[in-house]
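Notes follow the structure.
Rule-based calculations on the coordinates, nothing more; no lab input. All values reported here derive from a predicted model rather than from experimental measurement. Positions of Cβ are backbone-derived with ideal geometry, glycine not excepted, and every protein chain shown enters the neighbour counts.
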Amino acid sequence: MPLREIIYASDSRLRQKAKRVKQFGPALEALADDMLETMHEAYGIGLAAPQIGLLQRLFVAELPEDENDPQSGKPFVLVNPEVIKFASKEVEGEEGCLSIPTWYGMVWRPEWIVVKAQDVNGKPIKVRAEGLLARVFLHEMDHLDGVLFVDRVESPDKLWQVTPEELQARQKQGAQVAEGAVPEMEVA
């Protein structure tokens, strides 16, 4: 599976609305596999097709394995996703983005959502996502509409940049969590 190049915030494709996927099957499955591999290699937990320069309504996600979270450690591939239900209560949480490395911010999101989508073969699926997984799904769905997490940060004091060394430490921690090791700092 070839790795895909992740594009950065300065690329105008990240500000465009992605088009619905109409072609399903082996080629889409191969693309999803490439995206999962690319996401893992970059120590990410979500990746939308626009982040690799493809304006298609598709994203992948996978939370690091956590015995206390039944939604962790499972790869998700959602094609043409739509939120059909969401919690009225929102929670604020830290977000970062593979397309905006070194920047993090606090963003409000519903604490749970229900998403209807299709799999790579076009079969309808429905997923209820809670907590971090709901946040990841909503973050990636924003990418499908040309929205970046920094657009949702309420004030400048809730947006910060880390040094390249801090970013590397965060990535190392993500790799340790994925391998089942105890992290030295809190997972973002």
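Here the relative contact order of region 12-178, from alpha carbon pairs under 8 Å that lie six or more residues apart, stands at 25 percent. For region 12-178, the antiparallel share of DSSP beta bridges with both residues in that region comes to about 95%.
Across the chain, Cα-Cα distances exceeding 21 Å account for 49% of all pairs. Straight-line reach from Lys116: taking Cα to Cα under 29 Å and skipping same-chain neighbours fewer than 8 places apart, the lysines in range are Lys17, Lys19, Lys22, Lys74, Lys85, Lys89, Lys126. Distant-in-sequence amide contacts of Ser72, defined by a placed amide H-H separation under 5 Å and a gap of 5 or more residues or a different chain, comprise Asp66. Taking trypsin sites (Lys or Arg not before Pro) in DSSP loop conformation with at most 11 other Cβ atoms inside 10 Å as exposed sites, the chain has its longest uninterrupted site-free stretch at 90-188. Converting phi to 3J(HN,Hα) with the Karplus coefficients 6.51, -1.76 and 1.60 and the offset θ = phi - 60°, region 2-9 yields x, 6, 9, 7, 8, 8, 10, 3 Hz in sequence order, with x at every glycine or proline.
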